[in-house]
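Structure record follows, encoded as structure tokens.
The values are calculated or read from the model by the stated rules, or taken from the named source; none is laboratory data. Computed from a predicted model, the values in this text were never measured in an experiment. Glycine also receives a Cβ, built like all others from the backbone with ideal geometry; neighbour counts cover every protein chain displayed. Keep in mind that these areas ignore ligands, DNA and RNA; they rest on the heavy atoms of the full protein, side chains included. Shrake-Rupley method; radii C 1.70, N 1.55, O 1.52, S 1.80 Å.
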Amino acid sequence: MLNEFTKINLDKQGFENLDDNAKSCYAWPLRFTPGVGTVLIVVGLALQSPIFLGLGAIVPLSGALFPRGMILDLVYNLGVRHLFHGPALPPTPTPRRFSYLLSTVLLTGSALSFYYGLSPLGIILGGAVALGGLMLTTTHWCLGSWIYRLFFRHSAARS
């Protein structure tokens, strides 16, 4: 059983159409994408690699553009889930896709900052994404989804 905090956080990401049983089934698998993504971002930041971070920005971009085709979701759905007999991930809802778009912009900014020798800015921009990914992985609270609902209240109410 999921606690109320987790249910609310999943709802805010756009999974409100799932019943409690489905949310319970997806709660752990939905941590895979942000968890792996966060590790990759931290590696890119540790290396201060504009190429690694720039290529890494393609991952959330794929999630923003393709609700069923984010690169890490595909890795989970086509491979990892079979190892653990887990369910396939549902399509990514709009608030979470918006979060991926924000991550893409910040990671691109981080990569460009490192490229142009602005390492502190690169660390701040990339670190913000890593921190957001850590929060999403551990609590299912998604800053990008919160921002989406703040600015697109009417659209969020319909989704």
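The accessible-area ordering, largest first, of the residues 24, 110 stands as 24, 110, per a 1.4 angstrom probe.
Per residue, the convex hull spanned by the Cα atoms of segment 28-95 amounts to 90 cubic angstrom. The modelled label-to-label distance between residue 80 and residue 115, using points 7 Å beyond Cα along the C-beta direction, is 2.8 nm. With N the number of residues in the chain, Rg(Cα) / (2.2 N^0.38 Å) evaluates to 1.03.
Screening the chain for whole DSSP H helices of 24 Å or more along their axis (Cα) with average Kyte-Doolittle hydropathy at least -0.5 returns 94-115, 119-139.
The ellipsoid that matches the Cα gyration tensor of segment 54-126 has semi-axes, each √(5λ) in whole angstrom, of 28, 13, 9, with the longest given first. Annotation for segment 35-76 versus segment 1-33: alpha-carbon center distance of 22 Å. With the charge dipole of the chain set up from +1 on Lys and Arg Cβ and -1 on Asp and Glu Cβ about the Cα centre, the Cα lying farthest toward the positive end among the listed residues 65, 6, 83 is that of 65.
Using Cβ point charges alone (K and R +1, D and E -1), the dipole size of the chain about the Cα centre works out to roughly 200 debye.
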